[in-house]
Amino acid sequence: MIEQFIEGLYKNIVEGNMKLYKQFFLYDPNEEGTIEYWKNAIAFYDKLDDKDKEILFSIIKSTIVDTVSNVLAVLDGHEDIDRINVQVKLNGQENDSELQDAFLAYVEDLDE
């Protein structure tokens, strides 16, 4: 159960958002409705060579992975948020506070 959940998180959040970010950087910054933030981001991206573009996407991916990992640490009870006790069950089953570890192991296996 945990493996399915972790794989789903990775595919939906990490891979899904990486696709979105890559698409965002291909937009025409002059397209109507493009907000100033993305106009600036696209202008920055367009100045990068291919190697630096790869580095940028690596940084974005690491940031997404770290963020998911930190949220899972909260859900596992490893990180406190104003002394709120969080208990997460997957399909009614306890997860033994191993979501963060399972997620990081999944990511590590993919990177090998």
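Every number here is computed from the coordinates shown, using simple stated rules; none is lab data. Please read these numbers as outputs of a predicted model, since none were measured by experiment. Positions of Cβ are backbone-derived with ideal geometry, glycine not excepted, and every protein chain shown enters the neighbour counts.
Among Asp82, Asp111, Asp66, rank each residue by its count of other Cβ atoms within 10 Å, from fewest to most, as a rough exposure measure.
The fewest-first ordering by Cβ neighbours comes to Asp82, Asp111, Asp66.
Consider the candidate values (1) 0.97; (2) 1.09; (3) 1.04; state which one is Rg/Rh (Cα atoms, Kirkwood Rh) computed from the structure displayed.
(2)
Please give the residues of region 40-77, grouped as numeric ranges, whose backbone N is less than 16 Å from a label point set 7 Å along the Cα-to-Cβ vector of Gln23.
No residue passes the distance filter.
Treating cross-link reach as a plain straight distance, find the lysines whose alpha-carbon is under 22 Å from the alpha-carbon of Lys19, omitting any fewer than eight places away in the same chain.
Counting by Cα, and skipping residues close in sequence, Lys19 has these lysines nearby: Lys11, Lys39, Lys47, Lys51, Lys53, Lys61.
Just report the Cα centroid separation between region 71-107 and region 24-62, whole Å.
33 Å
Please list log₁₀ I(q)/I(0) at q = 0.26, 0.31, 0.33 Å⁻¹ for region 64-112, using the Debye equation with identical point scatterers on the alpha-carbon positions.
-0.98, -1.14, -1.19
So if each residue of separation counts as 0.36 nm, and I subtract the Cα-Cα distance between Lys39 and Leu90, what length gain in nm does that give?
Gain on stretching Lys39 to Leu90: 14.3 nm.
Quick one: compute the contact order of region 2-111, relative version, from alpha carbon pairs under 8 angstrom and 6+ residues apart, as a percent.
RCO, region 2-111: 31 percent.
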